[in-house]
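Some notes on the structure that comes next.
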Amino acid sequence: MSDDSYVVYLPALKAKAGEFGALEKLSLETKRRIRPLLDVLPVPIDWNTNAPSKSLEEHLNAICRKIVKCWGTEQALFVDFFDLPLEERTSAGLHPVRHLFGAFDSARVKAIPVTGLDRDDAYNDAVKHAALATKGAVAFRLLVEDIVLPTKTSSPLSKLIARLGTVPDKSWLILDFRGLTEEGVSEATQQALVSLRTFTRLFDWKRIALLASGMPDGLGDIRPNTRAAVPRTELSLWRGVVAGKPPATPVFGDYGVLNPEFTEPMDPRKIKPSAKIRYTRERDWLIAKGTSFRKDPGQFRRMAAFVAGQPGYAGKAFSWGDEYIAVCPKKPGGAGNLETWVRVDTNHHIEFVSKQISTLLAS
């Protein structure tokens, strides 16, 4: 595995086309500062037949190829199956963790498996096998119910570490608060500090990351053709924890520009998604929301011009995403689809956050 000493940021992203595209367009400097966590999603549904659009193994093989293309084989990344049902198996009866990490091994991808206290024995057996290629490196993802009572969590966590045959000084601990409201920041800060003190006293972790998101689960409360500022509560959480002087400074983590509970619509033919731009600034996201994308795909030109003219716009040269925003209003051809704008928003976000956290740590 590659050196983690310079890593300051863990973006947790869905293993989807927009997010893959955002990673591919990152600067080399930013790629060195981050350690992405990719959550594998279920096989997409073909809504014309109401059946999976491909086999599970085809789905996993495609993910491997896309990771090689967008991330390469030099830097490590985390891969989790949090969003995949535990009972899923390939047509050959193989656990998806075994299948995908076998593909990673063949492609020389430096992937680190992720597990948690919510996984079953079969899942952890597959992670143990995958960890052979990582020399015992595993990421342990603890959820809120694990974090609030760290003394009770310590015993099952110790048993899981022993079961996998790994050791904390080769592994990461991820404290995952998932969606975090402004009202919940203070309590989450105290819970994180207590957990950090408990877990660092009992285990010698290589790295610890703090993961959360202030992005709402859906933007339905924002009216069409309006603008809003959404606080980045995950940044407030991290800064509060760092100010509390924990025994180990956690790596900053967030969910990019999506809420962690984001799922694909049950049938996209029956919904009319709005055009939206989620632009990351110092302490908030600027949300520009339009109307139905299908009825007016060109509205992204007007929205991009608005964002480029607002305080906090980083400028055309800041990232690939910012350049896209700058040229979009006068760009020949189409203005991009919804997937394009996930790529744009996520690319700017990762570039911005990696530089922001590096600066805060150096101050």
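A few points about this structure:
- Filter pass, Thr189 being surrounded by fewer than 18 Cβ atoms within 10 Å (Cβ to Cβ), farther than 14 Å from Phe82 by Cβ, modelled with pLDDT of 95 or more and under 23 Å from the mean Cα position of the chain (by Cα): no
- Of all the criteria given as (1) touching a Lys or Arg at 6+ places or on another chain (Cβ under 6 Å); (2) closer than 17 Å to Gly256 by Cβ; (3) among the charged types (D, E, K, R), the one not satisfied by Arg281 is (1).
- Number of the exception - Val257 against (1) in contact (Cβ under 8 Å) with a residue 24 or more places away in the chain; (2) buried (at least 16 other Cβ atoms within 10 Å of the Cβ); (3) assigned to a helix (DSSP H, G or I): (3)
- Residue within the stretch 168-176 that is in contact (Cβ under 8 Å) with a residue 12 or more places away in the chain and out of contact with any strand residue (DSSP E or B) (no Cβ under 9 Å at 6 or more places or on another chain) present: yes
- Subset of the stretch 192-238 [in contact with a strand residue (DSSP E or B) (Cβ under 9 Å, 6 or more places away or on another chain), under 27 Å from Trp172 (Cβ atoms) and of a type in the set (D, E, K, R)]: Lys206, Arg207, Asp217, Arg232, Glu234
- Hits in the stretch 57-87 (condition: of a type in the set (A, V, I, L, M, F, W, C) and over 12 Å from Ala103 (Cβ atoms)): Cys70, Trp71, Ala76, Leu77, Phe78, Phe81, Phe82, Leu84, Leu86
- All of Ala137, Ala107 fail the test of being in contact (Cβ under 8 Å) with a residue 40 or more places away in the chain, in contact with a Lys or Arg (Cβ under 6 Å, 6 or more places away or on another chain) and either of a type outside the set (S, T, N, Q) or buried (at least 17 other Cβ atoms within 10 Å of the Cβ) (or both), apart from Ala137.
- Checking each residue in the stretch 119-136 for being assigned to a loop (DSSP other than H, G, I, E, B), modelled with pLDDT of 95 or more and touching a strand residue (DSSP E or B) at 6+ places or on another chain (Cβ under 8 Å) picks out only Ala131.
- Of all residues in the stretch 192-208 being under 22 Å from Lys159 (Cβ atoms) and among the aliphatic types (A, V, I, L, M), the one that is surrounded by the fewest Cβ atoms within 10 Å (Cβ to Cβ): Leu202
Residues are listed down the side, and each one gets a yes or a no for (1) closer than 23 Å to Trp172 by Cα; (2) surrounded by fewer than 20 Cβ atoms within 10 Å (Cβ to Cβ); (3) β-branched (Val, Ile, Thr):
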{"residue": "Pro11", "(1), (2), (3)": "yes, no, no"}
{"residue": "Lys14", "(1), (2), (3)": "yes, no, no"}
{"residue": "Gly18", "(1), (2), (3)": "no, no, no"}
{"residue": "Arg32", "(1), (2), (3)": "yes, yes, no"}
{"residue": "Ile45", "(1), (2), (3)": "no, yes, yes"}
{"residue": "Asn48", "(1), (2), (3)": "no, yes, no"}
{"residue": "Ala62", "(1), (2), (3)": "no, yes, no"}
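- Any hit, the stretch 194-215, residues being over 24 Å from Ala126 (Cα atoms), within 20 Å of the chain's Cα centre (by Cα) and polar (S, T, N, Q): yes
- Restricting attention to the stretch 93-138, the residues that are closer than 24 Å to Ser158 by Cβ and among the charged types (D, E, K, R) add up to 7.
- Some residue of the stretch 293-308 being out of contact with any helix residue (DSSP H, G or I) (no Cβ under 9 Å at 6 or more places or on another chain), among the small types (Gly, Ala, Ser), more than 30 Å from Lys245 (Cβ to Cβ) and touching a residue at least 12 places away in the same chain (Cβ under 8 Å): yes
- Residue in the stretch 273-281 that is β-branched (Val, Ile, Thr), surrounded by 16 or more Cβ atoms within 10 Å (Cβ to Cβ) and within 30 Å of Val138 (Cα to Cα) present: no
- Test: residue in the stretch 232-244 that is at pLDDT below 95, in a loop (DSSP other than H, G, I, E, B) and under 30 Å from Ala288 (Cα atoms): no
- Residues (surrounded by fewer than 18 Cβ atoms within 10 Å (Cβ to Cβ) and charged (D, E, K, R)) located in the stretch 64-87: Arg65, Lys69, Glu74, Asp83, Glu87
- The stretch 270-318: number of residues that are small (Gly, Ala, Ser), over 24 Å from Pro216 (Cβ atoms), modelled with pLDDT of 95 or more and assigned to a loop (DSSP other than H, G, I, E, B): 3
- Looking across the stretch 160-186 at every residue that is part of a helix (DSSP H, G or I) and within 18 Å of Lys206 (Cα to Cα), the one that is farthest from the chain's Cα centre (by Cα) is identified as Ala162.
The values are calculated or read from the model by the stated rules, or taken from the named source; none is laboratory data. If you're wondering where the values come from, they're calculated on a predicted model, not measured in any experiment. Heads up, the Cβs are rebuilt from the backbone with ideal geometry, glycines too, and the neighbour counts pull from every protein chain shown.
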